[in-house]
Amino acid sequence: MNQDKPKAYVNTIGCQMNVYDSQILAGLLQNAGYEQTHDPDLADLVLCNTCAIRHKAEEKAYSFLGRFAGTRMRGKRPVTIMAGCVAQKEKEKAFVRLPYLDLVLGTQAFGRFETHLKALAAGNTRIVDIEPSENIFEGFPEDSITEKFQVSRFVTIMQGCENFCTYCVVPYVRGKEKSRDPSAIIQEIEVLAQSGVREITLLGQNVNSYAGNNRTVSFADLLHLVSRVNKVERIRFATSHPKDLSTDLVQAMKELDKVCNHLHLPVQSGSNQILKRMNRKYDRDTYFDRISALRQACPDIALSTDIIVGFPGETLSDFQQTMNLLETVEFDAVFAFSYSARSFTPAAKFSDQLDEQTKRGRLNELLNFQEQITEKKNKAFIGKNVTVLVEGDSPKPRDGLIKKNKNTRQMFGRCDENKIVHFASDQAQIGDLITLQIINAYPHSLWGEVCESD
Ligand code: 5AD
Ligand code: SF4
């Protein structure tokens, strides 16, 4: 470590888009002369990139920053920055709980981050920038990509959302939909591919409505363009809205070998009445039709979804329809959340809010039910061969089965269907694509053996 350079700690809460944004912010900090540290207590600058999607995530941001900028702070303390969605939502209000906060940096203000850093260095404090920007993708230096070698990387292709689902704060904190210029996207992916990245996940709140280059490039077109980049072996994307899942996109998923055999398609609820009150703009039959079309075009496609349990007015019968939808579709993975009322959103003002106990009870019931489905779906892989992109060492050795391999390095990768597969090999390298035969399955991962030909 360089003793002279000031140190910055970046904490990321929330979704994949925040992970991407934090990389940009970390790159801008590096350009401003900071070195990254992994210990916030050693940092001269502490930045928290925040998430406002649920109350819990927002509390996490306040409690983390409270250690450095809270009411009980005394004496020497680092420069503190709240960035992202909570910053955009809270504005000056952030100072009530964090009186020593130095900068509130909104979701569209990253292009002005360097200017604010200079102002902070000159002794200014309590700066708030939540202004919108014409082009939020402009002004990021190419070398803002700071992390060393990684095989899989996120690339943001659009920002914002105009769907206004009645529970969701995103349209209020991320602003209008803006599609990034396709040539800038491809250029970034080419740089990543040259540095060893093999898998790209294209990100946006609603990637299906991507409309680049003055609406002349659709999301399906973009998938074709990314497919042509040399050395990119795999393409994933998130998140898709069922109402915008076009036949062009299904066709592109079928045609393009590099596009993975997995789709995350949030349904949120299985009840038509609740879907309507959520303003999702589709009903359960339309959702089933989309799934059928997908499964027809891409047999064995792995599917995952998001569910909100305990939306205002959700009756037991509504909840049972959601359970029935899970039983019918048999998703490979489900991310389920208890409804959390958010400022600005219409649903927060609905009079028929459910109590916490009911919401928690339904969430647990749903998670337990889905766990059996996920395990069943994973077990169906036993005996099959899958190709995984090797990502690194397994965090901890697995069960007794693995003991027989205990002197061999244990690694993991993801298969096309986005399932984590652990295996033992002394030859495999991070970034390799290798074929494994699945010999065991667990609720959250698979175990495979390297096939002889590899
Ligand atoms: N309460 C609970 N979950 C929410 N999500 C979005 N807003 C809320 C909320 N107010 C969930 C949705 C979305 C995922 C990213 O977060 O399921 O798809
Ligand atoms: Fe939120 Fe709905 Fe937009 Fe997704 S589509 S970000 S849930 S408003």
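Each row is one residue, and each column tells you yes or no for (1) more than 27 Å from ASN135 (Cα to Cα); (2) surrounded by 21 or more Cβ atoms within 10 Å (Cβ to Cβ).
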site: GLY175; (1), (2): no, no
site: GLN187; (1), (2): no, no
site: GLN205; (1), (2): no, yes
site: LEU256; (1), (2): yes, no
site: SER269; (1), (2): yes, yes
Pairs please, first residue from region 358-370 and free of Cβ contacts under 8 Å to residues at least 40 places away in the same chain, second anywhere and surrounded by 14 or more Cβ atoms within 10 Å (Cβ to Cβ), Cβ atoms under 6 Å, 6+ apart in sequence or on different chains. LEU367/ALA336
Within region 308-315, identify whether any single residue is assigned by TED's automatic domain parsing to the domain that holds GLY175, surrounded by 19 or more Cβ atoms within 10 Å (Cβ to Cβ) and either among the polar types (S, T, N, Q) or assigned to a helix (DSSP H, G or I) (or both), and answer yes or no. no
Do you know which of the residues in region 234-255 that are away from ligand 2 (no atom under 16 Å from the Cβ) and under 15 Å from GLU417 (Cα atoms) is nearest to the chain's Cα centre (by Cα)? ARG236
For region 272-283, enumerate the residues that are within 14 Å of ligand 2 (Cβ to nearest atom) and over 19 Å from SER340 (Cα atoms). LYS281, TYR282
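Kindly indicate whether GLY70 is under 21 Å from SER133 (Cβ atoms) and not charged (D, E, K, R). So that I can check it myself, show each step before the final result.
Values: under 21 Å from SER133 (Cβ atoms): no; not charged (D, E, K, R): yes.
Spelling it out, it is not the case that GLY70 is under 21 Å from SER133 (Cβ atoms) and not charged (D, E, K, R).
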Scan ALA347, ALA341 and give me the residue that is crowded, with 20+ Cβ neighbours inside 10 Å and near ligand 1 (Cβ under 10 Å from one of its atoms). ALA347
Which condition from (1) part of a strand (DSSP E or B); (2) within 16 Å of CYS161 (Cα to Cα) is the one that GLN205 breaks? (1)
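Hey, among THR374, THR408, which residue is modelled with pLDDT under 95 and β-branched (Val, Ile, Thr)?
Values: THR374 fails: modelled with pLDDT under 95.
On inspection, the qualifying residue turns out to be THR408.
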Give me the pairs: first residue in region 267-281 and over 15 Å from SER317 (Cα atoms), second residue among the acidic types (Asp, Glu) and near ligand 1 (Cβ under 10 Å from one of its atoms), beta-carbon distance under 7 Å, and six or more apart or on different chains, which are they? GLN268/ASP306
If a residue has to be away from ligand 2 (no atom under 13 Å from the Cβ) and either under 20 Å from the mean Cα position of the chain (by Cα) or closer than 22 Å to VAL388 by Cα (or both) to count, how many in region 256-271 make the cut? 8
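Quick grid of which residues meet (1) touching a residue at least 40 places away in the same chain (Cβ under 8 Å); (2) touching a strand residue (DSSP E or B) at 6+ places or on another chain (Cβ under 7 Å); (3) of a type in the set (A, V, I, L, M, F, W, C):
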{"position": "ALA193", "(1), (2), (3)": "no, no, yes"}
{"position": "GLU199", "(1), (2), (3)": "yes, yes, no"}
{"position": "LEU202", "(1), (2), (3)": "yes, yes, yes"}
{"position": "GLN205", "(1), (2), (3)": "yes, no, no"}
{"position": "VAL226", "(1), (2), (3)": "yes, yes, yes"}
{"position": "VAL229", "(1), (2), (3)": "yes, no, yes"}
{"position": "ILE235", "(1), (2), (3)": "no, yes, yes"}
{"position": "HIS241", "(1), (2), (3)": "yes, no, no"}
Give region 417-427 a look and list any residue that's modelled with pLDDT of 95 or more and surrounded by fewer than 21 Cβ atoms within 10 Å (Cβ to Cβ), or say none. ASN418, ILE420
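Which residue is modelled with the lowest pLDDT, if the candidates are limited to region 53-83 and must be small (Gly, Ala, Ser) and farther than 13 Å from ALA94 by Cα?
The initial filter retains those residues of region 53-83 that are small (Gly, Ala, Ser), namely 57, 61, 63, 66, 69-70, 75, 83.
Next, only the ones that are farther than 13 Å from ALA94 by Cα stay: 57, 75.
Details: ALA57: 98, GLY75: 66.
Ranking the qualifying residues of region 53-83, first place goes to GLY75.
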Residue match in region 163-176 (condition: within 16 Å of ligand 1 (Cβ to nearest atom), in a loop (DSSP other than H, G, I, E, B) and at positive phi): yes
Is one or more of the residues making up region 272-287 in a helix (DSSP H, G or I), under 23 Å from the mean Cα position of the chain (by Cα) and polar (S, T, N, Q)? no
Residue identified as in the same structural domain as VAL170 (by TED's automatic domain parsing), under 26 Å from VAL19 (Cβ atoms) and either surrounded by fewer than 15 Cβ atoms within 10 Å (Cβ to Cβ) or among the aliphatic types (A, V, I, L, M) (or both) among LEU275, LEU263: LEU263
Selection count where residues are more than 24 Å from the chain's Cα centre (by Cα) and more than 20 Å from SER425 (Cβ to Cβ), scope region 370-393: 4
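Can you pull out the residues in region 327-338 that are crowded, with 17+ Cβ neighbours inside 10 Å and within 14 Å of ligand 1 (Cβ to nearest atom)? Lay out the reasoning, then the answer.
Here is the first cut: in region 327-338, the ones crowded, with 17+ Cβ neighbours inside 10 Å are 329, 331-334, 336-338.
Listed by number, the residues that qualify are PHE331, ALA333, VAL334, ALA336, PHE337, SER338.
Suppose we keep only residues that are part of a strand (DSSP E or B) and within 16 Å of ASN208 (Cα to Cα) within region 242-271. Which one would you say is nearest to ligand 1 (Cβ to nearest atom)? Give the steps one after another, and end with the answer.
First pass over region 242-271, keeping only residues part of a strand (DSSP E or B): 259, 262-264, 268.
Checking which are within 16 Å of ASN208 (Cα to Cα) leaves us with 259, 262-264.
Working: VAL259: 21, HIS262: 16, LEU263: 14, HIS264: 9 Å.
Ranking the qualifying residues of region 242-271, first place goes to HIS264.
Can you give me the number of residues within region 155-175 that are more than 12 Å from ASN279 (Cα to Cα) and within 7 Å of ligand 2 (Cβ to nearest atom)? Talk me through it step by step, then tell me what you get.
Step one: filter region 155-175 for residues more than 12 Å from ASN279 (Cα to Cα), giving 155-161, 169-175.
Still in the list and also within 7 Å of ligand 2 (Cβ to nearest atom): 161, 170-171.
Result for region 155-175: 3.
The values are calculated or read from the model by the stated rules, or taken from the named source; none is laboratory data. The shown structure was predicted, so the numbers you read here are calculated from the model rather than taken from an experiment. When we count neighbours, we look across all protein chains shown, and the Cβ atoms used for this are built from the backbone with ideal geometry, even at glycine.
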